[in-house]
Amino acid sequence: CYCNCCTYFNDKGWFRSLFVHKVDARKDAHSNLLSKKETSNLYKIQFHNVKPECLDEYNNLEAEVQRRLHQDQDFPCEVVGSWNIWYGEQDQAVHLWRYRGGYPALTDCLQKLRVNKEYLEFRKERAKMLISRQNQLLLEFSFWNEPLPRKGPNLYELRTYNLKPGTMLEWGNRWARAIKHRQENNEAVGGFFSQIGDLYVVHHLWAYESLQSREETRNSAWQKEGWDVNVYYTVPLVRSMESRLMIPTKSSPLQ
């Protein structure tokens with residue numbers, strides 16, 4: 001039909017098509033494309049804001065609970081590291097947990113803890129010491145090393161990036177090439193991205209001998225070809241970023 005009415009609607013459809021952005025179909029979720037295939041590890045990061053007068057008591061209580069969970073083979077979880085903030089939000093504790101076996105391991109652990117009288121008492125006691133708490137579930141980037149226990153003393157930096165939605169794949173692709181510039185001094189501990197909690201959040205965990213070592217290591221990266229390109233292309237992906245300098249607790253496997 002070539003009536004004026006049909007011509008109008010055909011033209012209107014053509015006109016609208018000029019403004020329609022065609023999106024290629026995604027082949028897979030970014031969690032599958034960026035995470036490690038050889039492991040099924042799931043991580044949990046906890047941020048606890050502690051009453052200043054309770055920090056020492058809190059650290060002792062956390063250390064005891066972590067020790068008991070590590071010794072009990074029925075709980076498929078392990079603490080990767082525990083820290084107190086040195087520079088950043090004061091009187092804050094950070095804990096990184098690993099669940100070998102992914103979501104089923106997490107579910108199994110939570111179900112057992114809900115009926116564990118000792119753990120329930122611990123939570124009541126801990127609640128008296130806290131101002132607030134927050135957690136996220138994370139996956140590890142495939143191109144980062146798995147965080148393993150290390151001897152100290154070390155100063156740790158947790159750099160947190162809040163990305164623009166839809167940019168996680170580009171971030172991962174850029175850092176898969178750039179990480180080689182930051183591994184010479186064994187400073188790269190682990191890299192993670194959020195799955196539950198605040199989304200499009202990336203955490204990079206670094207270890208340094210001192211603040212001076214951190215400065216020298218970071219400056220040396222700029223002398224390597226390709227590092228400047230990585231920074232140039234990843235900065236526009238970031239909505240906000242935060243740096244926490246952290247001291248490991250006595251019980252932390254990462255010292």
Checklist outcome for this item: The answer for region 39-155, accessible area per residue at 1.4 Å probe in Å², is 53 Å²
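Of the listed peptides 236-244, 47-55, 137-145, what is their order by residue-averaged count of other C-beta atoms within 10 Å, with the highest listed first? All intermediate terms of the calculation are to be shown ahead of the outcome.
Details: 236-244: 13.0, 47-55: 15.7, 137-145: 19.3.
Top of the packing list down: 137-145, 47-55, 236-244.
Summarise the accessible area of the chain (1.4 Å probe, protein heavy atoms) by the percent that is carbon and sulfur. Write down the numbers at each step before the final one.
Values: 7680 of 14860 Å².
The nonpolar share, carbon plus sulfur, comes to 52 percent.
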Next on the checklist: How far apart, in nanometres, would the label points at Asn162 and Glu89 be if each is projected 7 angstrom from Cα along the Cα-to-Cβ direction?
Outcome noted: 1.1 nm
Checklist outcome for this item: Here FRET efficiency (C-beta to C-beta, Asp72 to Ser210, R₀ 45 Å, nearest 0.05) is 0.80
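Would you mind calculating the gained length between Leu130 and Asn49 on full extension (0.36 nm times residue separation, minus the Cα-Cα distance), in nm to one decimal? Could the numbers behind the result be given before it?
Values: separation 81, 0.36 × 81 = 29.16 nm, distance 0.59 nm.
Full extension from Leu130 to Asn49 adds 28.6 nm.
Provide the gained length on full extension for the span Lys112 to Ser243, in nm with one decimal, where the gain is 0.36 nm per separating residue minus the Cα-Cα distance.
Numbers: separation 131, 0.36 × 131 = 47.16 nm, distance 3.48 nm.
Fully extending the segment from Lys112 to Ser243 adds 43.7 nm.
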Item to check | For Asn41, distant residues with modelled amide H under 5 Å away | outcome: Gly101
Checklist entry - Check Leu155: other-chain or 5+ apart residues with amide H under 5 Å from its amide H, H built from backbone geometry? => result Tyr208, Glu209, Ser210
Checklist outcome for this item: In vacuo Debye sum over C-alpha of the chain, base-10 log of normalised intensity I(q)/I(0) at q = 0.08, 0.10, 0.15, 0.18 Å⁻¹, listed in q order, is -0.40, -0.57, -1.14, -1.55
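The values are calculated or read from the model by the stated rules, or taken from the named source; none is laboratory data. Predicted, not measured: the structure shown is a model, and the values here were computed from it. All Cβ positions, glycine included, derive from the backbone under ideal geometry; neighbour counts span all protein chains shown. Side chains are part of the model used for accessible areas, which takes the heavy atoms of the whole protein and leaves out ligands, DNA and RNA. Shrake-Rupley method; radii C 1.70, N 1.55, O 1.52, S 1.80 Å.
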